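Report on the structure given below.
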C-alpha cells in the first residue's frame with residue numbers, strides 16, 4: 001500500500017542516506033548556503049550505525065521504496081526526519097512525527113526532544129513543539145543554526 005506509515009525495517013536502511021542527501025541538497029537552498037548544504041549532506045555517511053540503533057518509521061511508494069523516514073534515538077529523542085524532495089509537501093513529515101509521538105506515548109515517554117533545522121522548525125511548531133533554546137554548531141567545520149525543541153507528551157503526576 002503506497003504512502004502508508006510503517007515501521008522502519010533493516011531492508012530500508014540502504015535507501016535512507018540518499019533520501020537524507022537529496023533532501024538537503026535539493027530542498028534547503030532558501031535557508032542554507034551551498035557550503036552548508038555540502039557539509040550537512042556529507043553526514044549521510046554516518047547514518048548506518050544510527051539507523052541500526054534507533055526505532056523509526058518510513059513512508060514508501062507503491063513499489064515499497066522509501067520516500068520519507070523518521071528515527072527515534074534514544075527513546076526520548078526524534079533524531080532524524082527527512083523526506084525526498086519529490087515527495088515533500090504531502091504531509092509525510094507530519095505523519096511521521098505523529099507516529100513517533102504515538103509510539104513514544106505508548107512507551108510512557110513523558111517528553112520528546114529534537115534538534116530542528118530552519119526547514120523543519122515551523123512544522124514542529126505547528127504540531128505543538130516548543131523551542132527550548134537556539135544553538136549554533138559546526139558541521140564539518142561549517143557554522144549552522146538549529147533549534148533544540150521539545151514536546152510534552154504526558155503530564156507528570
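No value in this document is a laboratory result; all are computed from the given coordinates. This structure is a prediction, so every number in the text was calculated from the model and none was measured. We place every Cβ from the backbone using ideal geometry, glycine too, and count neighbours over all the protein chains shown.
For the chain, adding -39500 (n - 2.57) for each run of n ≥ 4 DSSP H residues and dividing by the number of residues yields -9000 deg cm²/dmol at 222 nm.
Taking square-rooted eigenvalues a ≥ b ≥ c of the alpha carbon gyration tensor, is segment 67-150 rounded, prolate or oblate, where a/c under 1.5 means rounded and, failing that, a/b exceeding b/c means prolate? Present the calculation step by step, with values, prior to reporting the outcome.
On the way: a/c = 1.70, a/b = 1.17, b/c = 1.46.
Verdict is oblate for segment 67-150.
Does the chain classify as rounded, prolate or oblate by the C-alpha gyration tensor (a ≥ b ≥ c root eigenvalues; a/c under 1.5 gives rounded; else a/b over b/c gives prolate, otherwise oblate)? Cα axes put the chain in the oblate bin. For the chain, the relative contact order works out to 21 percent when only alpha carbon pairs closer than 8 Å and six or more residues apart are counted.
Label separation (residue 52 vs residue 133): 3.3 nm, computed from points 7 Å beyond Cα along the C-beta direction.
Neighbouring Cβ atoms within 10 Å as the yardstick, rank 153, 16 fewest first.
On the way: 153 18, 16 23.
Ranking 153, 16 by Cβ neighbours within 10 Å, fewest first, gives 153, 16.
Rounded to the nearest 0.05, the FRET efficiency derived from the C-beta distance between residue 62 and residue 29 at R0 = 25 Å is 0.25.
Under the simplified labelling scheme, the residue 18-residue 6 pair shows an inter-label distance of 1.9 nm, with each label point 7 Å from Cα along Cα→Cβ. Sorting 139, 97 from the fewest to the most surrounding beta carbons within 10 angstrom yields 139, 97.
In this rough spin-label picture, where each label sits 7 Å from Cα along the Cβ direction, the residue 98-residue 86 distance is 2.5 nm. Label zone (residue 118, point 7 Å along Cα-to-C-beta; backbone nitrogen cut-off 19 Å) within segment 15-42: 21-42.
Test of understanding: ordering 98, 136 by Cβ neighbours within 10 Å, fewest first, what list do you get? Walk me through the intermediate numbers first.
On the way: 98 15, 136 8.
If I rank by nearby Cβ atoms, fewest first, I get 136, 98.
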